[in-house]
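Quick notes on the structure that follows.
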Amino acid sequence: MIQPQHMPVKFKHPGSYQKMCHLVASNIKDLVKGKGGKEYHNRPVIGLATGTTPLGVYEELKKMKNTNFSDTYTINVDEYIGLEPEFNARLKGKEGYGFPQHPKSYYHYMTEHLFRDINFKRSFFPGESQTDTFDSLIAAMGGIDIQILGIGTNGHIGFNEPGTSRDSLTHVVDLTESTIKDNSRFFDTINDVPKRAITMGIESIMRAKRIYLLAQGKHKKDIFDKAFKGEITPDVPASYLQEHSDCTVMYCD
Ligand code: GLP
């Protein structure tokens, strides 16, 4: 018999958004409680994503008052490029100039939704000057134990847009028109949405030991089915996850 090259993605049908988020958060809790130690590479490392879908997971984590996250590292999958200088330019001469977090940055988003309430050991974001070093940083930490992902309506994961190659590492991307349009809901006007971003690549993401991809809402159903029930293709970057040995994907209305 021909042995399969990889384990198929696992489909879970949690039944509700809250259950889906609870399931992921419980797995993170188990990891954090079971792993630890003084050594850098023995500490738990969680890969985080922005967007609205993982917010419920972050709410569940915040409820876990008996879990100590102070030895846990977090790595965010992506960040916009171009917000900071603009923001600083606008503020120049005014109080707050030099404030490091643009309110629309993913760093700020994560601070508001998670880091304000949970005291992680340290949290990392890719930056434009780190394309060559971000993957080595992750490797030095022993790799990502659990990576959380959402999915864009065009099938992107992180900011890996359609056409991204399977072997890509952390890199700078030009965002597609559809992503700019989708993400304009977070900005005052579509013109305020950055045109570029930095993202962990497909290979960077595939190196995570375990992955949970969450999708919510009828507008995600088609792309979810294409990504995980269709062929593996660069046109739908999330479909590469079918090759991962421990990837669970979940959809709910
Ligand atoms: C953004 C992020 C992705 C996220 C996607 C979906 O483009 N870069 O990491 O998965 O949006 O977001 P949402 O969960 O809000 O639909």
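The values are calculated or read from the model by the stated rules, or taken from the named source; none is laboratory data. Model, not experiment: these values are computed from the prediction. A quick note on method: Cβ atoms are made from the backbone with ideal geometry, for glycine too, and the neighbour counts reach across all protein chains shown. To get the accessible areas, we keep the full protein, side chains included, count just its heavy atoms, and leave off ligands, DNA and RNA. Shrake-Rupley method; radii C 1.70, N 1.55, O 1.52, S 1.80 Å.
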Could you look through the stretch 99-130, keep only residues that are open to solvent by 40 Å² or more (accessible area, probe 1.4 Å) and part of a loop (DSSP other than H, G, I, E, B), and pick out the one that is modelled with the lowest pLDDT?
99
For the stretch 226-245, give me each residue that is assigned to a helix (DSSP H, G or I) and without any contact (Cβ under 8 Å) to a residue 24 or more places away in the chain.
229
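Quick check on residue 184: is it over 15 Å from the mean Cα position of the chain (by Cα) and away from the ligand (no atom under 16 Å from the Cβ)? Before you say what the answer is, go through the steps one by one.
Working: over 15 Å from the mean Cα position of the chain (by Cα): yes; away from the ligand (no atom under 16 Å from the Cβ): no.
No: the conditions fail for residue 184.
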Out of (1) within 13 Å of residue 80 (Cα to Cα); (2) part of a strand (DSSP E or B), the one residue 148 does not meet is (1)
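Looking at the stretch 233-253 only, could you name the residues that are more than 25 Å from residue 22 (Cβ to Cβ) and surrounded by 15 or more Cβ atoms within 10 Å (Cβ to Cβ)?
Going through the stretch 233-253, the residues more than 25 Å from residue 22 (Cβ to Cβ) turn out to be 233-237, 239-240, 242-243.
Those that are more than 25 Å from residue 22 (Cβ to Cβ) and surrounded by 15 or more Cβ atoms within 10 Å (Cβ to Cβ): 234, 236, 237, 239, 240, 242, 243.
For every residue, the table says whether it meets (1) within 15 Å of the ligand (Cβ to nearest atom); (2) modelled with pLDDT of 95 or more; (3) within 28 Å of residue 127 (Cβ to Cβ).
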| site | (1), (2), (3) |
| --- | --- |
| 147 | yes, yes, yes |
| 166 | no, yes, yes |
| 175 | yes, yes, yes |
| 179 | yes, yes, yes |
| 204 | yes, yes, yes |
| 246 | no, yes, no |
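Just wondering, is there one or more residues in the stretch 208-220 that are in contact (Cβ under 8 Å) with a residue 24 or more places away in the chain, open to solvent by 70 Å² or more (accessible area, probe 1.4 Å), within 11 Å of the ligand (Cβ to nearest atom) and outside any strand (DSSP E or B)?
Within the stretch 208-220, one or more residues are in contact (Cβ under 8 Å) with a residue 24 or more places away in the chain, open to solvent by 70 Å² or more (accessible area, probe 1.4 Å), within 11 Å of the ligand (Cβ to nearest atom) and outside any strand (DSSP E or B).
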So how many residues does the stretch 183-211 have that are among the charged types (D, E, K, R) and within 18 Å of residue 235 (Cα to Cα)?
1
Subset of the stretch 131-142 that is within 12 Å of residue 204 (Cα to Cα) and of a type in the set (A, V, I, L, M, F, W, C) - its residue that is most open to solvent (accessible area, probe 1.4 Å)
139
